[in-house]
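A short write-up of the structure that comes next.
The values are calculated or read from the model by the stated rules, or taken from the named source; none is laboratory data. Only a predicted model underlies this, so the values are computations on that prediction, with no experimental measurement involved. Neighbour counts are summed over all protein chains in view; Cβ atoms, including those assigned to glycine, are modelled from backbone coordinates with ideal geometry.
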Amino acid sequence: MSRDKYGVEMTDTEIAEFLTRQGHGVLSFGGEVPYGLPVSFGYDVLENRCIFQLLFDPDSRKQSHIDESDAASLVAYEWVDIDDWRSVVIDGRLDRIDADEPAALDAAEVFADYGSVVGLTVFNRPLEELRAEWYQLDIVEMRGFQSPVGDEDRIDE
């Protein structure tokens, strides 16, 4: 574990444990001016990927940004107070999972097990106007940092 000006670097195991329990973050993707949005995700430790169920309306800005580029970044963080925080930044490629493939069922299971539940009222549209699609973020690089306090000082997880 190394320390730099941003805190203490997390080990791969600490990153995996954090992502597995976190279940939400901010996903940014799509071209010269990235589109960022809060999302729920499930981290699949066995396949080293994050699973999202993205919802699109007929005028979706999300869809046009995804079509521009498959490069994406996910930031997951937890802030308890100034001396107790963690953050993980993931860079990778965002790939659509075809709903007719068996992989969609696997994605749904990962998401159900590890994603944070969000009410659909945030979209302010009737459910029948929304199209749901599964996506996975294939991880190219992942790094995490945490506050420089001892494990004995951390809040139980």
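Looking across the stretch 3-49, the residues that are of a type in the set (Ser, Thr, Tyr) and closer than 15 Å to Arg86 by Cβ come down to Tyr6, Thr11, Thr13, Thr20, Tyr43.
Restricted to the stretch 5-29, and to residues that are among the acidic types (Asp, Glu) and part of a helix (DSSP H, G or I), which residue is nearest to Ile139 (Cα to Cα)? Walk me through how you get there before you give the answer.
We begin by selecting, within the stretch 5-29, every residue among the acidic types (Asp, Glu); these are 9, 12, 14, 17.
Filter again for part of a helix (DSSP H, G or I), leaving 12, 14, 17.
Values: Asp12: 13, Glu14: 16, Glu17: 16 Å.
Filtering first and then ranking leaves Asp12.
Within the stretch 75-99, the set of residues being closer than 19 Å to Ala132 by Cβ and buried (at least 17 other Cβ atoms within 10 Å of the Cβ) comprises Leu94, Ile97. Of the candidates Glu47, Glu32, the single residue that is assigned to a loop (DSSP other than H, G, I, E, B), modelled with pLDDT under 95 and farther than 23 Å from Asp106 by Cβ is Glu32. Taken as a whole, the stretch 33-54 holds no residue that is basic (Lys, Arg), surrounded by fewer than 17 Cβ atoms within 10 Å (Cβ to Cβ) and touching a strand residue (DSSP E or B) at 6+ places or on another chain (Cβ under 7 Å).
Residues that are over 13 Å from the mean Cα position of the chain (by Cα) and at pLDDT 90 or above occur at least once in the stretch 110-127.
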